[in-house]
1. With the structure loaded, tell me whether PHE60 is aromatic (Phe, Trp, Tyr), in contact (Cβ under 8 Å) with a residue 12 or more places away in the chain and touching a strand residue (DSSP E or B) at 6+ places or on another chain (Cβ under 6 Å) or whether it fails that test.
2. Among what's in the stretch 17-37 and is acidic (Asp, Glu) and either in contact with a Gly (Cβ under 6 Å, 6 or more places away or on another chain) or surrounded by 15 or more Cβ atoms within 10 Å (Cβ to Cβ) (or both), pick the residue that is modelled with the highest pLDDT.
3. With respect to ASN52, determine if the residue is among the polar types (S, T, N, Q), in a loop (DSSP other than H, G, I, E, B), within 18 Å of ASN6 (Cβ to Cβ) and touching a strand residue (DSSP E or B) at 6+ places or on another chain (Cβ under 8 Å).
4. Looking at LYS90 and the list (1) free of Cβ contacts under 8 Å to residues at least 24 places away in the same chain; (2) surrounded by 13 or more Cβ atoms within 10 Å (Cβ to Cβ); (3) not small (Gly, Ala, Ser), which single condition is not satisfied?
5. For the subset of the stretch 67-85 comprising residues that are in a loop (DSSP other than H, G, I, E, B) and among the small types (Gly, Ala, Ser), which member is nearest to ASP22 (Cα to Cα)?
6. Out of the residues in the stretch 1-16 that are surrounded by 15 or more Cβ atoms within 10 Å (Cβ to Cβ) and farther than 17 Å from ILE81 by Cα, which is modelled with the lowest pLDDT?
Amino acid sequence: MAKTLNHEYLMNEGESHFENQDLNLYNKEIESIDVDAFLIFNHFKGLYLYDNKIRSIQPFTFSRFNDLSKLSLSKNKLEKIEANTFSFFKSLE
């Protein structure tokens, strides 16, 4: 069964992955991310999603992050990233 990162997942398990101003969700076998997953979880400076099985990222998936400066997506199975998915980030490293 595919593991999806969604709002419910973050409500149930997300609390244990918060560290300082980062959300660490690496090596969780996540295959997809719902566009509304970060509806209220949007105050992080770092989002670490490396070493998962993510294949694609939809536009606006990360649009609710105001202060995100670090995003790690390495070691995934990315095949498709929609145009303008990252265009709204002002301080992404």
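The values are calculated or read from the model by the stated rules, or taken from the named source; none is laboratory data. On a predicted model such as this, the values are computed, not experimentally measured, just so you know. Counting neighbours? That spans all protein chains shown, and the Cβs are built from the backbone with ideal geometry, glycine included.
1. no
2. Applying the filter and picking the extreme gives GLU31.
3. yes
4. All conditions are met except number (2).
5. SER69
6. Looking at residues that are surrounded by 15 or more Cβ atoms within 10 Å (Cβ to Cβ) and farther than 17 Å from ILE81 by Cα, I get GLY14.
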